[in-house]
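What follows is one structure encoded as structure tokens, with my remarks underneath.
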Amino acid sequence: MEANHDIHNRSRNRKQERRPHWRKQWSNNNNNAHPNANAAVPQTKAQPHAPDPERDERLTSSLREVCIHRQLIESSAGIAKRCRVMNDLDAMLFAWSESLLPGSPSYADNIRNNAGNNPEADKTAAPSLLSFGSYRLGVHTPDADVDCLVLAPPHVTRDDFFGSWVDVLKGEKRVTELHPVSSAYTPVIKFEMDEVKIDLIFARVNNSKWLTEQRMKMSLSLAGETTGEGDKTEERREMSVDDSVLIGLDETSVRSVNGVRVA
């Protein structure tokens, strides 16, 4: 028995000798740990800085200069150009939508009569062009594209969008790099208009009453604003969209509308 006990002790000593140094060190440190090692460390609160508007304005100005120098933000002329292209697309969409109604003039006739820019025209059932993404949030770069949604009335279908509307874009001299992708997970028409990149997607609203109500709300909000006499700049106003627009939409239209709902 004593011989077996000696063999067991020698084996245990050899294992301890072969144990890595870091495990020995950890074991020694653990055995000699301070009794208050697990005590809670007192937390100190950060002291708030006194507000300094001049400093904030100086830092903001410096940041803007850096962004302009590195072409990270767009100039006022570039913003006005994008807005002008969007307004022109709005007028084109209205003329195209009207041409799809039975007994209505053709798209060419509507464009010739400037129907899209006629303030007296009934646009309650016309498509709405809504932006989203970085452009809508105002954080786009000068070379970024504009993500747009065509919110169409019930008489306009997706087949019309990728059919006759694509033909309209093909006939527009200002449009280049036209690439309709109807088979995409979210179908899109990519093109450039006056060198402004556009990604255009489509959703059809089955309830024309909802579209009319949203346009009326936008018109009332604009009527309540006071405008002074001054230099007229390119402006664009878009209707707001909430979850009620999802009622009656197909799955593809729901995916298309999601961008506008979150941005």
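Any idea which residue in region 134-158 is surrounded by the fewest Cβ atoms within 10 Å (Cβ to Cβ), counting only those that are assigned to a loop (DSSP other than H, G, I, E, B) and under 15 Å from the mean Cα position of the chain (by Cα)?
Across region 134-158, the extreme among qualifying residues is Gly138.
If you take the residues of region 159-173 that are in contact (Cβ under 8 Å) with a residue 24 or more places away in the chain and either surrounded by fewer than 19 Cβ atoms within 10 Å (Cβ to Cβ) or basic (Lys, Arg) (or both), which of them is nearest to Thr141 (Cα to Cα)?
Glu172
Restricting the search to region 174-220, which residues are assigned to a helix (DSSP H, G or I), more than 21 Å from Tyr107 (Cβ to Cβ) and in contact (Cβ under 8 Å) with a residue 40 or more places away in the chain?
Thr212, Gln214, Arg215, Met216
Since Asn28 meets every condition but one in (1) at pLDDT below 80; (2) outside any loop (DSSP other than H, G, I, E, B); (3) under 33 Å from the mean Cα position of the chain (by Cα), which condition does it not meet?
Of everything listed in (1) at pLDDT below 80; (2) outside any loop (DSSP other than H, G, I, E, B); (3) under 33 Å from the mean Cα position of the chain (by Cα), Asn28 misses just condition (3).
Identify all residues within region 84-133 that are under 17 Å from Arg204 (Cβ atoms), open to solvent by less than 30 Å² (accessible area, probe 1.4 Å) and modelled with pLDDT under 85; write none if there are none.
Correct list: Ala126 only.
The values are calculated or read from the model by the stated rules, or taken from the named source; none is laboratory data. All values derive from a computational prediction rather than experimental measurement. Please note: Cβ atoms are built from the backbone with ideal geometry, for glycine as well, and neighbour counts cover all protein chains shown. Surface accessibility is based on the protein's heavy atoms, side chains included, excluding ligands, DNA and RNA. Shrake-Rupley method; radii C 1.70, N 1.55, O 1.52, S 1.80 Å.
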